[in-house]
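The values are calculated or read from the model by the stated rules, or taken from the named source; none is laboratory data. Remember, it's a predicted structure, so these values are computed and weren't measured experimentally. Every residue, glycine as well, gets a Cβ built from its backbone with ideal geometry; the counts of neighbours run over all protein chains shown. What goes into the accessible areas is simple: the full protein's heavy atoms, side chains included, and nothing from ligands, DNA or RNA. Shrake-Rupley method; radii C 1.70, N 1.55, O 1.52, S 1.80 Å.
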Amino acid sequence: MKAKPDNAAVKLVVVGSIGLDTVTTSATTRRNVLGGSVSYACAAASFFTRPGLVGVVGRDFPTRYRAALRSRRVDLRGLESAAGRTFRWSCAYEPNLKERETLSTALNVLADFAPELPTAYRHSPCLFLANIAPEVQLKVLSQMCALRFVAADTMDLWIRATRPALLKVIRQVDLFLINDAEARALTGEEHLVPAARHLLKLGPRYVIIKKGEHGSMLFSRQGVVLSPAYPVDLVRDPTGAGDAFAGALLGVLARAGSITSALVRRAMLYGAITASFTVEAFSLEKLLAIRRADIEARARQFRRMIRC
Ligand code: AMP
């Protein structure tokens, strides 16, 4: 008999924030849309593997958002529903859509989140610690028993507020992802190459520095690999692009038997493509509307663009 999907083991576990975002651009404001690092990362990873989501929402979390994640075959056994309100975050972008200001953050149920992983998640070979408090990342890490590859992301808040715990996370991961401004803030280095060298010395085998529309850089003992961003015609909302990049990348890695530099490089291409769809619409709208074939079609175009 065919196993029901909800009995299946997952090959990638992702922990992070999930909540309701209110995003303002010069074109419009979208209120209480599905957001959070784990939502973007899982939706992006789901094109390549079946990710297991670890997160918490309040009783006010709309059922349609749960259904949307399920429609992308995201495993929700690790999604806790707690008494209280869902995490909320709001921001406003400059007209160039590069700089943004956080207007409000209400952690709500996220403030007391102490995840207990479902048994089926604990044997997953791959783990992505998406943006959330480093103490929560460490709690998840401590419950995994068969890990082959761990990646983590962070944000400026944790660099300022919980640096020792963040350094503890970085020491235990294979891949650390960070954006350019955060890499400078974390290491105190003005330039990205010394910043990446500094981060590699803290423990990870790979460091990826994300540079928004300028792509990303992979650093390892083998050297540096540059990966451009796919040039989209119209950016509507860049929120979650970094999470989608990382989610797709981890999704590709989770499917593979062994993880090599060449595979990480290939996975970065899929990360860039998936992120490019994310920014073309608000929230997860585009990620929920496309299929794997759309990603492959854009990947073929992209390969032609970067051939030199
Ligand atoms: P990004 O655009 O990649 O920085 O990701 C934006 C997402 O991060 C939004 O969907 C927010 O809900 C989420 N987010 C914002 N602040 C926090 C926070 N303090 N902890 C965890 N996630 C957050």
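Distant-in-sequence amide contacts of residue 148, defined by a placed amide H-H separation under 5 Å and a gap of 5 or more residues or a different chain, comprise 126. Values of log10 I(q)/I(0) for the stretch 67-108 across q = 0.21, 0.23, 0.31 Å⁻¹ run -0.83, -0.84, -0.99, by the Debye formula with one identical scatterer at each alpha carbon and no solvent. The heavy atoms of residue 105 present about 80 square angstrom of accessible area, all protein chains included, probe 1.4 Å. Per-residue 3J(HN,Hα) values for the stretch 168-181, derived from phi via the Karplus relation 6.51 cos²θ - 1.76 cosθ + 1.60 with θ = phi - 60°, read 5, 4, 4, 5, 9, 9, 7, 10, 10, 10, 7, 8, 4, 5 Hz in sequence order (x marks Gly and Pro). Rolling a 1.4 angstrom probe over the protein heavy atoms with all chains in place gives the chain an accessible area of 45 Å² per residue.
Calculate for the chain the 222 nm mean residue ellipticity that helices alone would give, adding -39,500 (n - 2.57) per DSSP H run of length 4 or more and normalising by residue count, nearest 500 deg cm²/dmol. Don't jump to the answer; show the numbers that get you there.
Numbers: 12 runs with 116 residues, N = 308.
It comes out at -11000 deg cm²/dmol, rounded to the nearest 500.
Entry note, the stretch 1-71: relative contact order of 35 percent, from Cα contacts under 8 Å with a spacing of 6+ residues. Relative to the current alpha-carbon distance between residue 104 and residue 76, full extension at 0.36 nm per residue lengthens the span by 7.4 nm.
So for the chain, averaging the separation of alpha carbon pairs under 8 Å that are six or more residues apart and normalising by length, what relative contact order in percent results? Each step should come with its number before you reach the end.
Values: 661 pairs, mean separation 54.9, N = 308.
Computed over the chain, the figure is 18 percent.
Sequence-ordered 3J(HN,Hα) estimates for the stretch 194-207 from the Karplus curve with 6.51, -1.76 and 1.60 and θ = phi - 60° stand at x, 4, 5, 4, 4, 5, 4, 5, 6, x, x, 6, 10, 10 Hz, glycine and proline given as x.
To the nearest 20 debye, what is the magnitude of the charge dipole of the stretch 12-306 about its Cα centre, counting +1 on the Cβ of each Lys and Arg and -1 on the Cβ of each Asp and Glu? Present the calculation step by step, with values, prior to reporting the outcome.
Working: 39 positive and 25 negative charges, 189 e Å.
For the stretch 12-306, the charge dipole is close to 900 debye.
One equal scatterer on each Cα of the stretch 1-151, no solvent, Debye formula: the resulting log10 I(q)/I(0) at q = 0.10, 0.14, 0.15, 0.21 Å⁻¹ is -0.36, -0.68, -0.78, -1.33.
Springs between alpha-carbon atoms under 10 Å, Gaussian network over the chain: tell me which of 284, 34, 97 tops the mean-square fluctuations. Sorting by GNM fluctuation, first place goes to 97. Residue ranges 50-58, 108-116, 201-209, 241-249 sort as 241-249, 50-58, 201-209, 108-116 when ordered by packing (mean number of other C-beta atoms within 10 Å per residue, highest first).
Residues in the stretch 242-256 carry Karplus couplings, in order, of x, 5, 5, 4, 5, x, 5, 4, 5, x, 5, 5, 5, 6, 8 Hz; the curve used is 6.51 cos²θ - 1.76 cosθ + 1.60 with θ = phi - 60°, and Gly or Pro positions show x. A cut-off under 14 angstrom between Cβ atoms defines the neighbours of residue 114, and their net charge, with Lys, Arg +1 and Asp, Glu -1, is -3. What the pair-distance distribution of the stretch 40-84 shows, using all Cα-Cα distances binned every 10 Å from zero, is 29, 56, 15, 1 percent.
Shape call for the chain from the C-alpha gyration tensor, a ≥ b ≥ c root eigenvalues: rounded (a/c under 1.5), prolate (a/b greater than b/c) or oblate?
Working: a/c = 1.16, a/b = 1.10, b/c = 1.06.
The shape class here is rounded.
Any chance you could check the Cα centroid distance between the stretch 292-306 and the stretch 101-171 for me, in angstrom? Measuring centre to centre over Cα atoms gives 32 Å.
Summarising the amide proton neighbourhood of residue 173: residues at separation of 5 or more, or on other chains, whose placed amide H is nearer than 5 Å comprise an empty set.
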